[in-house]
1. For a bin width of 5 Å, list the pair-distance distribution of region A:237-393 built from all Cα-Cα distances, rounded to whole %.
2. Report, in deg cm²/dmol and to the nearest 500, the calculated mean residue ellipticity at 222 nm for chain A, where each DSSP H run with n ≥ 4 adds -39500 (n - 2.57) and the sum is divided by the residue count.
3. Rounded to whole Å and sorted largest first, list the principal axis extents of the Cα atoms in region B:17-137.
4. Which lysines, if any, have their Cα less than 24 Å from the Cα of B:Lys120, not counting same-chain residues under 8 positions apart?
5. For chain A, what is the charge dipole size about the Cα centre, in debye to the nearest 20, if Lys and Arg each add +1 at the Cβ and Asp and Glu each add -1 at the Cβ?
6. As I understand it, the value is the acute angle between the Cα axis of helix A:296-306 and the longest principal axis of the Cα atoms of chain A; what does it come to in degrees, rounded to 10?
7. When Lys and Arg each count +1 and Asp and Glu each count -1, what net charge do the other residues less than 13 Å away from A:Pro315, Cβ to Cβ, add up to?
8. Which log10 I(q)/I(0) values does the protein assembly as shown give at q = 0.06, 0.07, 0.10, 0.11 Å⁻¹ under the Debye formula, counting every alpha carbon as one identical point scatterer?
Amino acid sequence: MPVMDRLKAISGSAAIVGVAESDRFGRTPDRGPMELHAEAGRNALADAGIDKSEVDGVFTSGGYSTYDIAEYMGIAPHFTDSTSVGGSSFVIHIAHAMAAIEAGYCEVALITYGQTGRSDRARGALNLYGVTPGLPNAQYEAPFGIIGPPIAYSMAANRYMHQYGEDRTREAMANVAVSTRKWANMNEKAHFYDTPMTFDEYHDSRWISWPFHLLDCCLVTDGGAAVVITSAERAKSTRKGGVAILGAAEGHDHAILHQMPDLTRTWGRNTGPQALEMAGVTHSDLDMAMIYDSFTYTVLVTLESLGFCGPGESPDFVANQRTAPGGDFALNTNGGGLSYAHPGSYGIFTVLEAVRQLRGETGERQLDDCKLAMAHGTGGLLSSTGTVVLGRE
Amino acid sequence: MADGYNKPIPIPQPESDYYWEGAKAGELRLRHCDDCNQAYFYPRNICPECGNNNTSWIVASGKAKVHTFAIVHRPPHPGFMDDLPYVPAIVELEEGPRMATQLINVTPEPEAISIDMQVKVVFESITDEISLPKFEPA
């Protein structure tokens, strides 16, 4: 089990000093994923005011190993981490970067991400099938048509509906879809910046995999992102200063869907409490939460797992547009994977928005006096989670 | 191979060849840990509970109840285009373990299928080597 005293001792020892998307974002049919990694990496280093030659730790995932990306960018790191557990990987890398910096393995950590889910699909190059003969899903799930996240997550959502009520769950899913769209309408980088969503449009959207409508599902876009981390001491002399990493936790309890112990609880049940305790804060201290919204249901199950509310209570938690702009719980203020961007493994974007809100850089959607934020990624088929608590001052 | 079958086909592996031989013979075979005295799925030689190799095979009754399901309207793979809408499911076997499958001989509508409904295994032959364990209302 994690040793809390030792975790508390390194809370705040490292800070995020640079964040960025790639320049080309949304739809990039003429750009490959590696260029988006490198473009975002360059931008994040510029945001930090740190030269590429100073990067000595490299972290990546999503189809590439660190040596692929580091070679492309012309970096030869002393610390390398290609931890690959789906869309949460890039949040998990933050904990690893902090540990590596604290232990002395590196001083400047660069986490990069880039995928072209949208253009890959147009090219017919997207490998949605994930069928590797030696892996269990190829024998025990794929042959039955359980292929890809929408089907798996919709099966979990149906179990939730059975346990906690179909109608109230449906209303909650609609609330999440509509409130998230309202945030996207305030983010000019968002795919649906110019497009509002009504409740009727949600309910009328076509079925993808019942109980999921199209508007329960995240976007498929192109894009890259990157994060730069260094020691708290060194962060003071960076261009914008640091956003402190106060808590971080990770883990997973299964890989394929039918092995999930409880379809209505994710590993966030451990990472939420652990990250908050490490930071020495509670849920009510947070000014905002960024929760990976691969699907509307992912938000509901994650809010409960992280401990924001009890099992079966998230429909009440998100009721009446409580998580929309002006509501009293600021959630996914960039417009989320549902309405801002989702190139494939979205987790890193939860961190970008949390950092920007803490820095006061988000313009029209800026929260008042935002000092403490949670960013949370989920990967695989509700399989892995990574949670960080970030703070300013 | 059944004519035109273009969905993913399991390739038996060292720990699962006996399982697939059973399915072809009309038996749903489960691994059983003789130390824990419980069955588990999917087949592997080492018990995921205790980590021991003291494991054997049992033949399941084929009775189960639906743990969850979905109704797929957008194919995730070209092979399922002609099957829409179809009903992937997780069922809980009488012996305890849960497994992924597909429900057949059901009307693919939410009102026609219920979680906890009783189902039983049927084997659908897709190649000379492979039959898939699917489930239908008991």
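The values are calculated or read from the model by the stated rules, or taken from the named source; none is laboratory data. No experiment lies behind these values; they were computed from the predicted model shown. Glycine also receives a Cβ, built like all others from the backbone with ideal geometry; neighbour counts cover every protein chain displayed. All accessible areas refer to the heavy atoms of the entire protein, side chains included, with ligands and DNA or RNA removed. Shrake-Rupley method; radii C 1.70, N 1.55, O 1.52, S 1.80 Å.
1. 2, 10, 19, 23, 22, 15, 6, 2, 1, 0
2. Here the helix-only value at 222 nm equals -11000 deg cm²/dmol.
3. The principal-axis extents, from largest down, are 43, 33, 23 Å.
4. B:Lys7, B:Lys24, B:Lys63, B:Lys65, B:Lys134
5. For chain A, the charge dipole is close to 220 debye.
6. 60
7. Once all neighbours under 13 Å are counted, the net charge is -3.
8. Rounded to two decimals, the profile gives -0.29, -0.39, -0.80, -0.96.
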